[in-house]
Amino acid sequence: MARALINMPKTARRGEIIEIRALIGHTMETGYRPGADGVVQKRDIIRRFTVRYNGEQVFAAELHPAISANPYIAFHTVATDTGTLEFLWEGDNGFSQTETAAITVAG
């Protein structure tokens with residue numbers, strides 16, 4: 001399992017725009033680079049990043065081989081209700097990782 005870091009507020013006011021930042025540790029091998037033995041290494045990238053807020057998708061990104069290792073993604077959304085954000089990274093070779101973070105919305 002890769003190490004994922006999520007930075008977002010734990011509380012917000014209803015209707016407030018919040019910034020969410022996510023980083024995951026992943027080598028993101030492009031499949032174009034030769035290894036030490038001269039053989040091209042197998043492609044291994046994260047292809048899709050999706051975020052759901054109380055089950056509703058609020059952000060999605062398609063990633064490609066040009067993305068750097070340990071991809072960092074920042075985006076904004078509106079705090080609507082107290083609940084959970086679910087972060088899903090999906091990639092080559094069966095890679096899939098899910099993390100969750102809670103937010104409390106007042107007002």
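Bear in mind these aren't lab numbers, they're just calculated from the coordinates by the rules spelled out. As the structure is a prediction and not an experimental result, all values here were calculated from the model. Cβ placement follows ideal geometry from the backbone for every residue including glycine, while neighbour counts extend to all protein chains displayed.
Across the range 51-77, the number of residues qualifying as in contact with a Ser or Thr (Cβ under 6 Å, 6 or more places away or on another chain), assigned to a strand (DSSP E or B) and of a type in the set (G, A, S) comes to 1. Taking the conditions (1) under 30 Å from G107 (Cβ atoms); (2) in contact with a strand residue (DSSP E or B) (Cβ under 9 Å, 6 or more places away or on another chain); (3) surrounded by fewer than 15 Cβ atoms within 10 Å (Cβ to Cβ) in turn, T77 satisfies each one other than (3). Checking each residue in the range 28-74 for being loosely packed, with under 13 Cβ neighbours inside 10 Å and of a type in the set (S, T, Y) picks out Y32, S68, Y72.
Find the residue count for the range 73-102, including only residues that are of a type in the set (G, A, S), touching an Asp or Glu at 6+ places or on another chain (Cβ under 8 Å) and under 14 Å from A4 (Cα atoms). Residues in the range 73-102 being of a type in the set (G, A, S), touching an Asp or Glu at 6+ places or on another chain (Cβ under 8 Å) and under 14 Å from A4 (Cα atoms): 2 in total.
All of (1) part of a strand (DSSP E or B); (2) in contact (Cβ under 8 Å) with a residue 60 or more places away in the chain hold for T80 with one exception: (1).
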